[in-house]
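Single-structure report; data block below.
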Amino acid sequence: MTGSPDTTGRDALAYVASRLVRHSAEFSGAPSLSGAGPDARLVLMAGEAVILRAAPAALGTALLTPEEAERTGARAVEIFLGRVEGRPVFAGAIPGDDAALFPEPDYRALDLRALAAEGAVVREEQGLVATAKSLLAWHARHRFCGNCGNPTTLTAGGFRRECAGCGLHHFPRTDPVAIMLVRRGEACLLGRGPHFKPGMYSCLAGFIEPGETVEDAVRRETREETGIAVGAVAYHASQPWPFPASLMLGCVAEAVSEDIRTDPDELEDARWFSRAEVVRMIAGDHPEGLTVPPATAIAHLLLRDWIDGLIGPAPGPAA
C-alpha cells in the first residue's frame, strides 16, 4: 500500500531529504556488500526502476537486505553509498528485465517519478534512491577514460573512477539547471513544452553552460525560449533531479519586457498568468483545465511561494 505526500512547500519536494552520511571520494577503502554483515542494506536499480519491498498497510522500502540481494547474482555495478544511522548502505544495478526476480505482491518496481508521486517510501528514502540512481547512471556512462580511451576502474566505493592508462581520476558530476519564476508586476511567465501533459504549464528552465553564472543562464534561457528580457535574478531554493543527475537551482527573475516570442523548437506555448489564474491552476479548477507541476517539483514550490507572498520584493539591479 502506498500513501500520498501530505506535506506542502519545501517539505513536499521530492528527492531532497536523506539521512545518508556519504562515503567520500577521498577515501579509497570501502566495504563490500558480501562482507558488510546482515545489517547492510542495498538500493537496487533494475534499469530505470527501483525495487521496493512492499509492506501491507504501510509504506514500502528501497532498503533491501543482503539475503534479498542474493537472488540477483552478480550485479553490473555495486557501489558503497555510505551509512544510514550507522548501517552500511550500497547501491547496485541490474538489467530492467531482472525486476521479475522481485514479483508482486511482495515487491514493486517503480521509476523515480512514480516513487515520488505516490509517496511510496518515506521522504528520506527518496533522497537516498536519487543518490543511488544518479551515481549508478554516472558509472554506466564512464566505463572508459575520456582522456585516453582506456577502461576505468571503480574506486573509493564508487565515488571515483581511475584510469590505469593515464592515471586520470574521474569524479561523479552533477548537471546544474536554472529554473526560474519570471515575474512582472502581478503576473508570472509560464511555458509548456511539447512533451508536457495536456494543459500543464511550468516555470522556464535550462542547463547552465560552462563559464556561465546562474543569473546569466536565467537571462539567456528566458530570452531564447520566449524573447523576454530579464534584469535582476535571485536564488530561492534547489532540488536534486535524478534524470539522470541534475540539480535544479530555483530562481526568481524580474522581467523588463512583456512581448512574448516563443521558439517552437523550445516551447509549444508561453503566457503571462495572473496570480488568480495560478491559484486556480494549483487548485485544479482553472476554466481552461490548465494545471502546474505537482507539489513534488520545484516549479510548484516557486509558484506557491509567489502566491503565498513568501518571495520577497524585487532584488537589486542586474549586475
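A crude spin-label estimate for the pair Val256 and Ala100, with each label 7 Å from Cα along the Cβ direction, gives 6.1 nm.
If the segment from Ser274 to Ala17 were pulled out straight at 0.36 nm per residue, it would be longer than the present Cα-Cα gap by 89.3 nm. Taking every protein chain into account, the accessible area of the range 1-130 amounts to 49 square angstrom per residue (probe 1.4 Å). Annotation for the range 29-123: GluC sites (Glu not before Pro) lying in DSSP loop with at most 13 further Cβ atoms inside 10 Å of their Cβ are Glu85. For the range 166-284, the square roots of the Cα gyration tensor eigenvalues, ordered a ≥ b ≥ c, give a/c of at least 1.5 with a/b greater than b/c, which places it in the prolate category.
Classify the range 4-97 from the C-alpha gyration tensor, please: rounded if a/c falls under 1.5, else prolate or oblate depending on whether a/b exceeds b/c. It comes out oblate by the Cα gyration axes. Note on the chain: dipole from Cβ charges, positive end direction compared against Pro264, Ile311, His170; the farthest Cα belongs to His170. For the range 250-319, the solvent-accessible area of protein heavy atoms averages 51 Å² per residue (probe radius 1.4 Å; ligands and nucleic acids excluded).
Potential lengthening of the chain between Ala140 and Arg113 amounts to 7.7 nm, from the contour at 0.36 nm per residue minus the alpha-carbon distance.
Here the range 94-172 has 53 percent of its accessible surface on carbon and sulfur atoms, given a 1.4 Å probe and all protein chains in place. Annotation note: trypsin sites (Lys or Arg not before Pro) in the range 6-52 located in DSSP loop regions with a Cβ neighbour count of at most 16 within 10 Å are Arg19.
Measuring r between the beta carbons of Asn150 and Lys197 and using R0 = 51 Å, the FRET efficiency lands at 0.70. The Rg/Rh ratio of the chain, with Rg taken over Cα atoms and Rh as the Kirkwood radius over Cα pairs, comes to 1.01. Let a ≥ b ≥ c be the square roots of the eigenvalues of the Cα gyration tensor of the range 182-235; is it rounded (a/c under 1.5), or, if not, prolate (a/b larger than b/c) or oblate? Here the range 182-235 falls in the oblate category. By the Cβ-Cβ criterion of under 4.7 Å, the unpaired cysteines of the chain are Cys188, Cys203, Cys251. Rounded to the nearest 20, the size of the Cβ-charge dipole of the range 230-319 about its Cα centre is 360 debye, with Lys and Arg at +1 and Asp and Glu at -1.
Near Ala55, once Lys and Arg are set to +1 and Asp and Glu to -1 for all other residues with Cβ below 12 Å from its Cβ, the sum equals +1. Taken about its Cα centre, the range 127-271 carries a charge dipole of about 760 debye when Lys and Arg each add +1 at the Cβ and Asp and Glu each add -1 at the Cβ. Over the chain, Cα pairs under 8 Å with separation of 6+ residues give a relative contact order of 18 percent.
The values are calculated or read from the model by the stated rules, or taken from the named source; none is laboratory data. Being a predicted model, the structure only gives us computed values, none of them experimental. Note that we place each Cβ from the backbone using ideal geometry, even for glycine, and neighbour counts take in every protein chain shown. The accessibility values were calculated without ligands, DNA or RNA, using every heavy atom of the protein model including side chains. Shrake-Rupley method; radii C 1.70, N 1.55, O 1.52, S 1.80 Å.
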